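The values are calculated or read from the model by the stated rules, or taken from the named source; none is laboratory data. A quick note: this is a predicted structure, and the numbers were derived from the prediction, not measured. When we count neighbours, we look across all protein chains shown, and the Cβ atoms used for this are built from the backbone with ideal geometry, even at glycine.
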Amino acid sequence: MSEGNTTEIGYRYRKVLQAFSRALQREAHVLTQHPDLLWQQLYNRLQWEGEEMQQVLVSDLDWRSAEGAQPWLHLKTPFREAKSLVRTLTGHTHHIPACAVSPNGAWIVSASADNTLKIWDAATGQELHTLTGHTSWVQSCAVTPDSARIISACVKSLKIWDIASGQELRTILTGNTTWNMGNAVCCAISPDGTWIVSGSEDRNEDKTLKIWNMASGQELHTLTGHTGWPRSCAVSPDGSWIVSASVDKTLRIWDSASGQEMRILNGHDGKVEACAISPDGTWIVSASSDNTLKIWDAASGRELRTLTGHTDEVQTCAVSPDGSWILSAGVDKTLRIWDVSNGRELETLTGHTDKVDACAISPDGTWIASSSSDSTLKIWDVAYGQELHASLGHSGSIQSCAFSPDGAWFVSASADKTLRLWDVAKKQELRNLIGHTNTVQSCTVSPDGTQIISTGDTLKIWDAASGQMLFSRHGHTGSISSCAFSPDGARIVSASEDQTLIIWDATSSEELQTLTGHYSWIRSCSFSPDGTRIVSASEDKTLKIWDAASGRELRTLAGHTSKVLGCAFSPNGTYIVSASLDNTLRIWDSANGKELLIMIGHTDFVRRCAFTPDGAWIVSASEDRTLKIWNSTSGEEKLTLPLVGSLGGLALHPWQPLAVCGDRGGSLFILDLVGISYGPIVSTAIQDNRCLLVRCPACQHQLQITENQLGSELTCPTPGCNLGLKINPFAIRQA
């Protein structure tokens, strides 16, 4: 073998090993909890890593997809992540407004709304300590120059912690201990570690900063001048001055020895969320809710440059150790790196699924830590950048998804106020429907695939082929959270925050009936397969079954211990599945309302649930970032797919083992249910002029059947189709 060939083979092996290493690091937080998902999780990442990796994976893929192999969930779309993402750290149970890297670069500290701080090993991502003692959410944290102690700011106090033991050393009260009096919201430490500065939020009067002696906890100075509470503060490298950023849209520079105000920096059009100082102390950077960052001359207070690129409020900023670049992050869920010399954006880092609240840079400038409202921390390698692969999604969280009757396309509804239509085979956007003025809460497709309903601020009906809006109606007095077509497409039911359901005529959009009985927000609704009943799920912890013709309440299903967020009938109408804030799913007998099964396995609330089209399985989507598949007869959990964000949308293909789901970050995922074989697809006949017709969902061919074939199984006779069908024992009476 020639030396050139040997070099090429070695290069390919290195690429493969590097790809495996990246995938393992990115999935480490999942695999520690689900080691049995090693193949599934690694394949779903490695499949996008190029030809060399495909050659390595192909043999395993063949046998793992063969008949009789262990089922698994195959992502057909990539994660929306930058190449630079190294690792995700999970453990906090609420959003994380602050993080800091120790001056020696060995560990990271995070502060959370779960009232704790956590210390993490920067090299491995291992959780080293959890610091408990705060009685409310921790808003800020800082590390002493010797990496020995942590300062944390809570809405009631400042605390000092020992790193080695994780023990609390001292509590410094900010003068008051009630929520509305003297709340510490930010903190910073002097370069010599002898004093602390903290900013206070008070809904009444206190909008000050205070300087404290680190050793004694004695208050040294009170800095007054801001007319809105300080959101951030930083100390100059020589310790002689302090800069603070406030909701009053200003930054102020203070003399740290006397506490006197030296300078006011005006220029932002929105509240100033964060500030940082260059390593040489000559300039300041600020981040604002006006979507910009600004660079200021520290000596004169003159504005030097405005950095634009974020598409929403900028929450945080930091300066690299050499002062050559700035890091920022914000509500648009991204981190951005900027060149200080010219203000040009160098990289955009994507991967968080909610707003990024804080960021920090390692002492050597080679990696970044970020914390988010998605309850995770992420570590990024500065050497990489940009997005890894083109992905499907929105700029806002996914609220709902629905397939067309033939499964060729699906529609998604988002907090970005739009609906989007997607081609399933090509994985491409077909159409963007714009018209809502607020979050689009739900969407569904008519039984013939010609129309789409969406709800949010209003109920809207769209032409699926052109994207043209046909109707827009209010009706409800609150946000409309769910909608469904009747099986014959003649009626629509909608569920609302106003505690009512409304039945509409689908052709004229006329209001037909209002259903009352729930005493809290109704989150979900659905028609039964025969169109005679409606099920609704409410925050009052119940489901209700209604007569669709009269609007009369037939039954209340009680058993959930918290809000019920989702519901669906089985394809034969015999059962109902519900999803709840109590982290469970439940199956009910739709005839008598009896609770049959409780499915336990999710670790956070369950948003969405659906029966597969053969009725054999239930699929659920949860805030715990997993999609699960359950046996609908036994309630046994069969499959789990951990994803990167909390899931808010779910839809199942009408005849293939295929699903689509969406997360809080706006990402959409198409996935194969590999190894899950559907039985005959449950279908309902429509009676029209004494003729019984069944539409095959695969080929859309209409089959004429006899009354004797109701309740039987048959095979679609269309050449090349041969889909197995199970005909319901009832028929839909055409209006």
Handout entry: Ile461 being buried (at least 20 other Cβ atoms within 10 Å of the Cβ), more than 23 Å from the chain's Cα centre (by Cα) and either without any contact (Cβ under 8 Å) to a residue 60 or more places away in the chain or in the same structural domain as Glu497 (by TED's automatic domain parsing) (or both)
Key = yes
Handout entry: Top-ranked residue in the range 45-89 [being touching an Asp or Glu at 6+ places or on another chain (Cβ under 9 Å), within 30 Å of Val331 (Cα to Cα) and not in a loop (DSSP other than H, G, I, E, B); ranked as modelled with the lowest pLDDT]
Key = Ala82
Problem - Every residue from the range 251-272 that is in contact with an Asp or Glu (Cβ under 6 Å, 6 or more places away or on another chain) and surrounded by fewer than 16 Cβ atoms within 10 Å (Cβ to Cβ) - result: Met262, Asp269, Gly270
Exercise for the section: Look through Val644, Val674 and report the one residue that is of a type in the set (Val, Ile, Thr) and within 24 Å of the chain's Cα centre (by Cα). Expected result: Val644
Exercise for the section: Scan the range 563-574 and give yes if some residue there is in the same structural domain as Ser446 (by TED's automatic domain parsing), closer than 16 Å to Gly593 by Cβ and among the aromatic types (Phe, Trp, Tyr), otherwise no. Expected result: yes
Practice task
Within the range 416-442, count every residue that is over 14 Å from Ile452 (Cβ atoms) and touching a residue at least 60 places away in the same chain (Cβ under 8 Å).
Solution key: 3
Exercise for the section: Examine the range 711-719 for a residue that is buried (at least 23 other Cβ atoms within 10 Å of the Cβ), closer than 23 Å to Gly489 by Cβ and either of a type outside the set (A, V, I, L, M) or touching a His at 6+ places or on another chain (Cβ under 8 Å) (or both), and state whether such a residue exists. Expected result: no
Completion exercise
Flagged in the range 322-359 as farther than 19 Å from His394 by Cβ and among the small types (Gly, Ala, Ser), in numbering order, are Gly323, Ser324, Ser328, Ala329, Ser341, Gly343, Ala358
Completion exercise
Of the conditions (1) among the basic types (Lys, Arg); (2) assigned by TED's automatic domain parsing to the domain that holds Ser397; (3) without any contact (Cβ under 8 Å) to a residue 60 or more places away in the chain, the single one that Arg690 does not satisfy is (2)
Handout entry: Residue in the range 344-357 that is outside the structural domain of Ser320 (by TED's automatic domain parsing), within 30 Å of Lys460 (Cβ to Cβ), surrounded by fewer than 24 Cβ atoms within 10 Å (Cβ to Cβ) and of a type in the set (Asp, Glu) present
Key = no
Exercise for the section: Look at the range 581-628 and say how many of its residues are within 16 Å of the chain's Cα centre (by Cα), of a type in the set (A, V, I, L, M, F, W, C) and in a strand (DSSP E or B). Expected result: 3
Practice task
For the range 322-330, indicate whether the set of residues that are closer than 18 Å to Leu209 by Cβ and buried (at least 17 other Cβ atoms within 10 Å of the Cβ) is non-empty.
Solution key: no
Completion exercise
From the option list Gly309, Gly270, single residue qualifying as touching a residue at least 40 places away in the same chain (Cβ under 8 Å) and more than 20 Å from the chain's Cα centre (by Cα) is Gly270
Handout entry: So Val411, is it over 20 Å from Ala358 (Cα atoms), of a type in the set (Val, Ile, Thr) and either touching a Cys at 6+ places or on another chain (Cβ under 6 Å) or in contact (Cβ under 8 Å) with a residue 24 or more places away in the chain (or both)
Key = yes
Exercise for the section: Assess whether Ser232 counts as being in contact with a strand residue (DSSP E or B) (Cβ under 9 Å, 6 or more places away or on another chain), outside any loop (DSSP other than H, G, I, E, B), within 21 Å of Val285 (Cα to Cα) and modelled with pLDDT of 95 or more. Expected result: yes
Exercise for the section: Kindly provide the set of residues from the range 698-735 that are farther than 12 Å from Thr684 by Cα, in a strand (DSSP E or B) and among the hydrophobic types (A, V, I, L, M, F, W, C), ordered by number. Expected result: Leu714
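Rundown of residues vs (1) on the phi < 0 side of the Ramachandran plot; (2) assigned to a strand (DSSP E or B); (3) of a type outside the set (Lys, Arg), yes/no style:
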site	(1), (2), (3)
Asp406	yes, no, yes
Val411	yes, yes, yes
Arg420	yes, yes, no
Lys426	yes, no, no
Arg431	yes, yes, no
Thr439	yes, no, yes
Cys443	yes, yes, yes
Ala465	yes, no, yes
Gly475	no, no, yes
Practice task
Write out, first by first residue and then by second, each pair whose Cβ atoms fall under 6 Å of each other, whose residues are 6+ apart or on separate chains, and whose first residue, in the range 241-256, is without any contact (Cβ under 8 Å) to a residue 60 or more places away in the chain and more than 12 Å from Lys294 (Cβ to Cβ) while the second is among the basic types (Lys, Arg) and surrounded by fewer than 20 Cβ atoms within 10 Å (Cβ to Cβ).
Solution key: Val247/Lys271; Ile253/Arg263
Problem - Filter result for Ala113 (outside the structural domain of Val331 (by TED's automatic domain parsing) and either within 19 Å of the chain's Cα centre (by Cα) or at pLDDT below 95 (or both)) - result: no
Fill in the blank from the handout: Per the filter on the range 595-622, residues over 16 Å from Val660 (Cα atoms) and either assigned by TED's automatic domain parsing to the domain that holds Arg695 or among the charged types (D, E, K, R) (or both) are Glu595, Asp604, Asp614
